Amino acid sequence: MNSDLLERQLASLLDTRDWLTNASQTVAFIQQQYADFNWVGFYLQRVENTLVLGPFQGLPACNPIPFDRGVCGAAARTRQTQRVADVHAVAGHIACDPASRAELVVPIVIEDRLWGVLDIDSPTPGRFSAADQAQIEGLCERFIAACDFGASAHGF
Ligand code: SME
């Protein structure tokens, strides 16, 4: 899939500055564009050092997630994308859905504050390539650029 085209499609979909609307549109867009994803969603740091479930597509999910737990917590703590080929091999992984096998979690950092993470699950081990990671990170950049975060980026 062409990254430039995908990014342009997402940017045209995000035609408001409202982060909640844009977050909802972004997860729906990603779920629609990629094959073999069973969960796509944002967790938001709305409590200090804790991720709270935000807009998502998929089954009801675990909430809340402290920064010291799971793959999402690792992404929040380190502010590094976590790309896991097989979550069953990761100690501390939080199994919201036992069908999920591969996971990609991208931290969303606004003005040096961890705003949240974008979490994607797939039932296929090894589903996420380095190219997928780069493409999803690019879409996250488009999401960030499209939004006014206001107080939500700085307070809890
Ligand atoms: N597996 C994640 C928890 C969130 S769900 O996948 C939706 C984790 O280990 O952080």
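Readers should treat all values here as calculations from the given coordinates under stated rules, not as data from a laboratory. Since this is a predicted model, take the numbers as computed values, not measurements. Neighbour counts run over all protein chains shown; Cβ positions are idealised from the backbone, glycine included.
So here's what we get for this one:
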| quantity | calculated |
| --- | --- |
| Net charge, Leu104 excluded, C-beta distance under 14 Å - Lys, Arg +1, Asp, Glu -1 | -4 |
| Residues Arg83, Arg17, Arg46, sorted so that the one with the fewest Cβ neighbours within 10 Å comes first | Arg17, Arg46, Arg83 |
| Distance (nanometres) between label positions extended 7 Å along Cα→Cβ at Asp68 and Gln33 | 3.7 nm |
| Hz values of 3J(HN,Hα) by residue in segment 10-19 - Karplus curve (6.51, -1.76, 1.60), Gly and Pro given as x | 5, 4, 6, 6, 8, 9, 9, 9, 7, 5 |
| Contour excess over end-to-end distance, with Cα ends at Ala130 and Phe149 and 0.36 nm allotted per residue | 4.0 nm |
| Packing-based exposure ordering (other Cβ within 10 Å, fewest first) of Val109, Val84 | Val109, Val84 |
| Least to most buried among Ser129, Ser122, Ser3, Ser152 (fewest other Cβ within 10 Å first) | Ser129, Ser3, Ser152, Ser122 |
| Net charge, Gln135 excluded, C-beta distance under 15 Å - Lys, Arg +1, Asp, Glu -1 | -2 |
| Cα convex hull volume per residue for the chain (Å³) | 95 Å³ |
